[in-house]
Amino acid sequence: MNAFSTAAVLAQQNPLFRFYKHYVIESLLIAKRHGFRELVRQRGRNFFLIVAGYYLVRDTILYVLIPLSIARGLR
């Protein structure tokens, strides 16, 4: 078995990868094939709360915590 196939097997066992594969990619396909309204009908508002929460956490880390820690280190 080469390294790529070993990594692929390990990635498929990861629950986060399975979530991404089945939920996120499926949601993108729904939006592409049937439009935004169908995505809202099938996924509901929880989908958008998850996406908004992800970006809130990510942007807080990138634009607040990292610059703050750098600024404290420079004093």
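Just so it is clear, none of the values below were taken in a lab; they were calculated from the coordinates. Remember, it's a predicted structure, so these values are computed and weren't measured experimentally. Positions of Cβ are backbone-derived with ideal geometry, glycine not excepted, and every protein chain shown enters the neighbour counts.
Inter-label distance, ILE50 to LYS21: 1.6 nm, where each label sits 7 Å from its Cα along the C-beta direction.
With a Förster radius of 35 Å applied to the C-beta separation of ARG37 and ILE61, the computed FRET efficiency comes to 0.60. Evaluating 6.51 cos²θ - 1.76 cosθ + 1.60 at θ = phi - 60° for every residue in segment 34-49, the Karplus couplings come out as 10, x, 5, 4, 5, 4, 5, 5, 7, 8, x, 6, 4, 4, 6, 5 Hz, glycine and proline recorded as x.
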